[in-house]
Amino acid sequence: MRDVAHGLTEPHRRYNALTDEWLLVSSNRTSRPWLGLAETIPDRNLPSYDPSCYLCPGNVRANGERNPAYKSTFVFRNDFAALQPDSPIVKVSEGLLRAETERGTCLVICFSPRHDFTLADMSQAEARRVVDLWATQSEELGAEFPWVQVFENHGSAMGASNPHPHGQIWAGDALPREALREDESQKRHFEATGHRLLLDYAAQESGGPRDVGSDDEWLLVVPFWAAWPYETLLIPRRSVGRLPELDERQRDTLAATMGRLLRGYDGLFNSPFPYSMGWHQAPFDNADRSHWQLHAHFYPPLLQATVRKFMVGYELLSEPQRDVTAEDIADRLRSAIGAANSERTLTSG
Ligand code: H2U
Ligand code: ZN
């Protein structure tokens, strides 16, 4: 079966069905010379406990509070929260100038007591505990706020402030830009077809040239419309709107699939691979959200081991642009995932 991207070797634009935006793909630019910024490769020789780390068990944080001697995961309210639950509701406007207060809360979630671990190093059972934490915290925050954003900044190249494995959750009253865009596209598709957009997309991509390692519960794909070089999208194959709805089997397979992907990422350039990842789940409000399908985005910034993809001039001023097609990247990523995980089977077996 020939894929729609077959024969698209000329510069072209692709449509992002999830956000209703276009991007430019020009696969002829990868051989251009590069004398710009080189990223430093991070040190992965970390101690299992770092006395100066504010996330390690038993240590004191920046606000003077002491972390408990936690044994698996640990959640606390961000000491420098960007959103506050007790903000009064104020809306101001004058001509074209508008502003509204935003009520919300910000949590920091530690994935492991081990300072030197990453999600990629964890056993499936340990990663599963992170999945459970995402789900329970989403449920709790969703009782109070419509938008619950679970995410992880991984690696200093993506702004992570500390190598200790951790993520964040920000929850707030307003639906932010990405949520609104995805909500509108998914709603439009659902009203037109009676199907969820991302389930139709998953059916179309399954086993195709951008599929990098799906199983019977999850589709793992370099999206047709990927803007970041090694971007991936993870979608449950069954109808799921929000993280707390994932059943046992979906959670176990998620932990396994995520582990495989992240080990593949680290194997690509044989060095720790930075990314920001996060979940888009249906807003926790009373509106009808039957069009929403849960999914996770992984946005890695690198093009090569030490070369970052800059979203700058044309990207900022016109639209996103990429230099390698999603299909070429999917081939590389599929091999990296295969190689990294066969090694793991050998070393752990
Ligand atoms: P990032 O690495 O993604 O920045 O997440 C770490 C968060 O931890 C960051 O938002 C918070 C920072 O505000 N933090 C605390 O809440 N307490 C501390 O003692 C240091 C960092
Ligand atoms: Zn630590």
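Determine the dipole magnitude for segment 65-224: charges of +1 sit on the beta-carbon of Lys and Arg, -1 on that of Asp and Glu, nothing else is charged, the reference point is the Cα centre, and the result goes in debye to the nearest 20.
On the way: 15 positive and 26 negative charges, 58 e Å.
Here segment 65-224 has a charge dipole of around 280 debye.
Out of all DSSP beta bridges in the chain, what portion is antiparallel? Express it as a percent rounded to 5. Before the final figure, lay out each step's value.
On the way: 46 of 49 bridges.
Given both bridge residues lie in the chain, the antiparallel proportion sits at roughly 95 percent.
Using only Cα atoms, locate the centre of segment 70-89 and the centre of segment 191-268, then give the distance between them in Å, rounded to an integer.
29
Need the full-extension length gain, residue 216 to residue 270, defined as separation in residues times 0.36 nm minus the C-alpha distance. One decimal, nm.
Values: separation 54, 0.36 × 54 = 19.44 nm, distance 2.87 nm.
Working it through step by step, the gained length comes to 16.6 nm.
Taking amide hydrogens as modeled 1.01 Å from N in the peptide plane, which residues meet the under 5 Å criterion relative to residue 276, leaving out close sequence neighbours?
154, 299
At 0.36 nm per residue, minus the direct Cα-Cα distance, what do residue 75 and residue 12 gain on full extension? Give it in nm, one decimal, please. Mind dumping the intermediate values first?
On the way: separation 63, 0.36 × 63 = 22.68 nm, distance 4.50 nm.
18.2 nm is the gain from fully extending residue 75 to residue 12.
Farthest toward the dipole's positive end in the chain, which of 145, 321, 96, given Cβ charges of +1 (Lys, Arg) and -1 (Asp, Glu) about the Cα centre?
321
Could you please rank 265, 49, 299, placing first whichever residue has the fewest other Cβ atoms within 10 Å of its Cβ?
Values: 265 24, 49 15, 299 18.
Final ranking by Cβ density, sparse to dense: 49, 299, 265.
Using the reciprocal of the averaged 1/r over all distinct C-alpha pairs, how large is the Kirkwood radius of segment 185-257 in Å? It would help to have the intermediate numbers written out before the result.
Details: mean 1/r = 0.0766 Å⁻¹.
Hydrodynamic radius (Kirkwood, Cα pairs) of segment 185-257 is 13.1 Å.
Consider all pairwise Cα distances in segment 38-145 and report the whole-number % of them above 25 Å.
Working: 2359 of 5778 pairs.
Result: 41 percent of Cα pairs exceed 25 Å.
In the neighborhood of residue 118, defined by Cβ-to-Cβ distances under 15 Å, what is the net charge if each Lys or Arg adds +1 and each Asp or Glu adds -1?
On the way: positive: 44, 114, 129, 260, 263, 344; negative: 43, 50, 116, 121, 126, 152, 266.
Net charge around residue 118: -1.
If we count other beta carbons within 10 Å of each Cβ, what is the order of 232, 40, 306, fewest first?
Working: 232 27, 40 8, 306 15.
Starting with the residue having the fewest Cβ neighbours, the order is 40, 306, 232.
May I have the extent of the alpha carbons of the chain along their three principal axes, as whole Å values ordered from largest to smallest?
59, 57, 45
For the residue pair residue 2 and residue 101, what label-to-label distance in nm results when each label sits 7 Å from Cα along the Cα-to-beta-carbon direction?
Placing both labels 7 Å beyond Cα along the Cβ direction yields 6.1 nm.
What distance in nm separates the simple spin-label points at residue 319 and residue 86, each placed 7 Å from Cα in the Cβ direction?
The modelled label-to-label distance comes out at 4.8 nm.
Per DSSP helix of 4 or more residues, -39500 (n - 2.57); summed, then divided by the residues of the chain. What does that give at 222 nm, rounded to the nearest 500? Intermediate values should be presented prior to the final figure.
Working: 6 runs with 94 residues, N = 349.
One gets -9000 deg cm²/dmol as the mean residue ellipticity at 222 nm.
Using 1/(1 + (r/R0)^6) with R0 = 51 angstrom and r between the beta carbons of residue 306 and residue 94, what's the FRET efficiency to the nearest 0.05?
Numbers: r = 48 Å, r/R0 = 0.94.
With a Förster radius of 51 Å, E is 0.60.
What nm value, rounded to one decimal, do you get for the distance between residue 63 and residue 162 when each label is placed 7 Å out toward the C-beta?
Taking the simple label geometry, residue 63 and residue 162 are separated by 1.3 nm.
The numbers here are math on the coordinates, done by the rules we state, and not lab data. This is a predicted model, so every value here is computed, not measured. Here Cβ is always computed from backbone atoms with ideal geometry, including for glycine, and neighbour counts include all displayed protein chains.
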